[in-house]
Amino acid sequence: MRIQRPGCIMLEEASELIGLQVYTNKGIYLGTVNNLVVDLDESKIQGLFISETNPLLVENSKAVNVPYRWIGSVGDIILLKYFPKKVALKKSSAPKKELKGQIESI
């Protein structure tokens with residue numbers, strides 16, 4: 001699968017993205033591409049799975065999926081054209097006190 005975006009180098013294989021370092025548009029290190037999210041029906045890369053992320057950008061350094069449309073350029077590194085200021089983990093929708101009451105009543 002050949003990949004090319006304006007301002008990007010031509011890649012012979014999509015797997016060449018794995019292992020590349022990813023930086024935000026402000027030059028802050030985000031992490032390293034660990035895997036690709038691929039739409040098999042359309043033979044398109046949908047996103048990059050970034051592991052061991054920067055704790056300044058991602059709470060608890062959790063892995064994130066960066067949509068491919070956020071990529072600005074690809075070369076020796078990947079430079080994003082967009083990334084949120086901070087990615088936080090989703091909180092549980094039910095308060096702990098409510099859950100405790102539900103468990104006791106069962």
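Throughout, read-outs are computed from the coordinates displayed, never taken from laboratory work. Just so you know, these numbers come straight off a predicted model, no measurement behind them.
Multiplying the residue separation of residue 60 and residue 25 by 0.36 nm and removing their Cα-Cα distance gives an extension gain of 10.4 nm. Listed cross-link partners 62/90; 44/91; 44/81; 62/91; 44/90 are compared with a 23 Å cut-off, the Cα-Cα value being larger for 44/91; 44/90.
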